[in-house]
Every structure is written in C-alpha cells, then in structure tokens.
1. For segment 68-77, what are the residues that are touching a strand residue (DSSP E or B) at 6+ places or on another chain (Cβ under 6 Å) and part of a helix (DSSP H, G or I)?
2. Please verify whether segment 33-53 includes one or more residues that are farther than 15 Å from Gln20 by Cβ, buried (at least 18 other Cβ atoms within 10 Å of the Cβ) and basic (Lys, Arg).
3. Residues Arg56, Arg39, Arg48: which one is over 14 Å from Ile77 (Cα atoms), part of a strand (DSSP E or B) and among the basic types (Lys, Arg)?
4. The conditions are (1) assigned to a loop (DSSP other than H, G, I, E, B); (2) in contact with a Lys or Arg (Cβ under 9 Å, 6 or more places away or on another chain), and Arg18 fails exactly one of them. Which is it?
5. Here are the criteria: (1) in a loop (DSSP other than H, G, I, E, B); (2) more than 20 Å from Glu8 (Cβ to Cβ); (3) at pLDDT 65 or above. Tell me which single one Pro100 does not satisfy.
6. Take the conditions within 20 Å of Ala70 (Cα to Cα), in contact (Cβ under 8 Å) with a residue 24 or more places away in the chain, out of contact with any Cys (no Cβ under 6 Å at 6 or more places or on another chain) and among the aliphatic types (A, V, I, L, M) and apply them to Val10. Does it pass?
Amino acid sequence: MLMDEELECVVCCCEYSRSQRVPRVLHCRHTFCALCLERLSRLQGALRTVSCPLCRWITCTRASLTLPGALWVNTSIWDQISQEQDQEDCCKTSPLLQAPLPHPRLSGSPSILQRLFSCVLLQKPESS
C-alpha cells in the first residue's frame, strides 16, 4: 500500500484521480498528474518534451500524440484511487485566488504586495 504523500502530485499537491489528475509516468519513472504534465510540456518541432521537475530528465514524445496517449498510467497509484476520491476535486481554486489583483496604476491604491512589503525594511547586509 502506498503512503498518502505518494497519492498526490508533488507539483500541484493535489490527489490523483481517474479523470482529470490521472497519474502518468515519465521516462525517468517519476509520476505526476496529467494536468501538470500538460502545463510542463513544450512543443519543439515534431517533438513534445517534458522536463521532469524532480530529476530534469527530458521525456520526448511525438507531437502528434497527446501526452495521455504517449505516457503510461502509474497502475500502482491508479489502483489506490477510490471512486469517492475521484468525484472530489481537492484543487478547486479558492475565491481569494481567483480574484484579480488590483492594478496599482489604475486603482490609485497600493497593491496587496505593496502593502504587504511596505513594512519590510530592506537593509544591506553588513560587510565583514
């Protein structure tokens, strides 16, 4: 049986599912969810490449294939995914993250980051 940490993608920290977040195996044998692999992939001519976030091994597939069509499913993880777990979406974005940040030049008020860092004193480290 796999540990709970092994049942979630280390890139997005979401649990694998049998629909959206299918656990796919790169050629280096590291596993990530299909959605993260799509975001990490790059088209380079006739090839689609994915650089593994853990070891930087480059997995190459034909650009004519989709990543789900080119990469194997990690069956040891797949077998651990329950039907209930598959129906839940742990990665629904919170309303706070969906709201756009105000543009400081347009709103006339300081941005959230400006307010957050306004109390941080930027000091040069003392030279020895």
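The values are calculated or read from the model by the stated rules, or taken from the named source; none is laboratory data. Just so we're clear, the structure is a prediction, and the values are computed from it rather than from any experiment. Counting neighbours? That spans all protein chains shown, and the Cβs are built from the backbone with ideal geometry, glycine included.
1. Ala70, Ile77 - these are the residues of segment 68-77 that are touching a strand residue (DSSP E or B) at 6+ places or on another chain (Cβ under 6 Å) and part of a helix (DSSP H, G or I).
2. yes
3. From the options Arg56, Arg39, Arg48, the qualifying one is Arg48.
4. Evaluating Arg18 over (1) assigned to a loop (DSSP other than H, G, I, E, B); (2) in contact with a Lys or Arg (Cβ under 9 Å, 6 or more places away or on another chain) leaves (2) as the failure.
5. Pro100 satisfies all of (1) in a loop (DSSP other than H, G, I, E, B); (2) more than 20 Å from Glu8 (Cβ to Cβ); (3) at pLDDT 65 or above except (3).
6. no
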